[in-house]
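Visitor: Please read through the structure below; I'll follow up with questions.
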Amino acid sequence: MATRAVRAGGPSPLRAEFGRHVSARLDAHPGVARIPVNGIEAYRHDSFITDDECAMLIERIDLHRRPSTLLSSAAEPGFRTSDSCDMDRYAPDIRPIDERVADLLGIRHDHGETMQGQRYAPGQQFRAHHDYFHESEPYWADMAQHGGQRTWTAMCYLNTVEEGGATWFPEAGIRVPPRPRMLLIWNNMLSDGSPNPRTLHEGMAVVRGTKYIFTKWFREARWLRFSEPE
């Protein structure tokens with residue numbers, strides 16, 4: 001998603017209530033800590049997954065990675081240069097992790113997009129962008145029909161990176177270096193349910209080593225278009 005001047009969207013009581021519900025749940029969880037940062041709601045869980053799960057996900061990403069893509073066609077070359085892997089949300093070793101993220105936030109499973117793994121080799125990056133959708137972009141009509149706006153983001157670091165690869169929120173003034181097993185969570189909306197421009201963030205270039213993460217985005221409405229298998 002490019003960061004050029006486009007209309008992000010207005011307030012929404014539904015999204016506002018969504019935000020209050022998730023924040024209250026995270027604030028009450030003993031393993032989750034709110035990150036003191038200006039202008040955004042952000043949290044961390046320092047030991048969300050196990051070392052074995054990290055190793056399994058890294059192997060899965062390496063096996064199925066492809067060049068990362070963008071919804072917007074307006075981004076400049078080199079905007080997103082990582083590789084991505086769309087996880088099989090119903091695979092026996094993926095489903096427990098996928099659903100654990102949703103359960104932690106207290107969000108229905110069918111509101112969650114399928115987990116996406118990402119791999120950043122030296123020099124690869126994802127320049128400053130928002131996870132929410134800009135409602136003046138051509139893609140919004142389709143997004144609105146299939147789950148609507150992205151509300152919360154959950155991103156988990158899977159390994160130690162020798163140098164570089166931090167997640168940088170330039171408008172909020174925070175950089176989060178990769179730390180294996182840590183889940184980073186933030187609300188893409190303001191308290192009135194409108195998109196929060198301060199959630200602008202960048203996957204900074206890796207200098208040495210390789211960074212592996214997975215990301216799970218949540219929508220304001222049902223995203224899954226089919227019934228879950230038994």
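Visitor: Give the label of the value calculated from the structure for semi-axes √(5λ) of the Cα gyration tensor in Å, choosing from (1) 27, 21, 16; (2) 49, 23, 16; (3) 24, 21, 19.
Guide: Recomputing semi-axes √(5λ) of the Cα gyration tensor in Å here picks out (3).
Visitor: Determine the distance separating the Cα centre of segment 110-186 from the Cα centre of segment 26-81; give it in Å without decimals.
Guide: Distance between centres, Cα-based: 6 Å.
Visitor: Also: Scattering from the C-alpha atoms of segment 116-230 alone, worked out with Debye: what is log10 I(q)/I(0) at q = 0.14 1/Å?
Guide: -0.65
Visitor: Would you mind ranking 85, 156, 54 so that the residue whose beta carbon has the fewest other beta carbons within 10 Å leads the list?
Guide: So the residues, fewest neighbours to most, are 54, 85, 156.
Visitor: What share of Cα pairs, in percent, lie more than 18 angstrom apart in segment 52-120?
Guide: 46
Visitor: Still on this model: Please state the relative contact order of segment 63-193 as a whole percent: Cα pairs under 8 Å, 6+ residues apart?
Guide: 20 percent.
Visitor: Using the Karplus curve 6.51 cos²θ - 1.76 cosθ + 1.60 with θ = phi - 60°, work out ³J(HN,Hα) for each residue of segment 81-90 in order, rounded to whole Hz, and write x for Gly and Pro.
Guide: 10, 6, 10, 10, 9, 7, 6, 7, 5, 9
Visitor: As a test of the formula, what do you get for the chain when each DSSP H run with n ≥ 4 contributes -39,500 (n - 2.57) and the sum is divided by the residue count, at 222 nm and rounded to the nearest 500 deg cm²/dmol?
Guide: -6500 deg cm²/dmol
Visitor: Size of the dipole of segment 30-125 about the Cα centre, Lys and Arg at +1 and Asp and Glu at -1 on the beta carbon, nothing else charged, in debye to 20?
Guide: Computed charge dipole of segment 30-125: roughly 280 debye.
Visitor: Using modelled backbone amide H atoms (1.01 Å from N, in-plane), which distant-in-sequence or interchain residues come within less than 5 Å of residue 210's amide H?
Guide: 162
Where a number appears in this text, it was derived from the coordinates with a stated rule and is not lab data. All of these numbers come straight from a predicted model, not from anything done at the bench. Quick reminder, even Gly has a Cβ in these numbers, built from the backbone with ideal geometry, and neighbours come from all protein chains shown.
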